Amino acid sequence: MRFLFSRRRPPAQLPAPEPMPLHTPGSTPAPGTVPLDDALRIARKALARHGTANVHSREGMYFAALDYDHALRVLVDALDHPQDS
């Protein structure tokens, strides 16, 4: 007896997302721009949090990538728009 649904279908190809630039030089700062020392603290915490992540864990790498992406965007934004302290 042969089942009709025994074989798996290949996954559907999704359209690739359009790349989003990290920053646009000369733009106005976002309302949530943080000072440079806070941005460095966020980046250092992200590095410490995921420094020993297992590269074979899909979930671990996913969360590390999200955390690093956020830290990098905050850091670049703080460097592009320094605030007077």
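Throughout, read-outs are computed from the coordinates displayed, never taken from laboratory work. Note that this is a predicted model, so its numbers are computed, not measured. Note: ideal-geometry Cβ built from the backbone for every residue, glycine included; neighbour counts use all protein chains shown.
Checking the conditions here, which among A71, A46, A53 is surrounded by 12 or more Cβ atoms within 10 Å (Cβ to Cβ) and in contact with a Lys or Arg (Cβ under 9 Å, 6 or more places away or on another chain)?
On the way: A46 fails: in contact with a Lys or Arg (Cβ under 9 Å, 6 or more places away or on another chain); A53 fails: in contact with a Lys or Arg (Cβ under 9 Å, 6 or more places away or on another chain).
Criteria check complete, one pass: A71.
Within the stretch 46-65, residues that are in contact (Cβ under 8 Å) with a residue 24 or more places away in the chain reach no partner that is part of a loop (DSSP other than H, G, I, E, B) and exposed (fewer than 11 other Cβ atoms within 10 Å of the Cβ) with beta carbons closer than 8 Å at six or more positions or on different chains.
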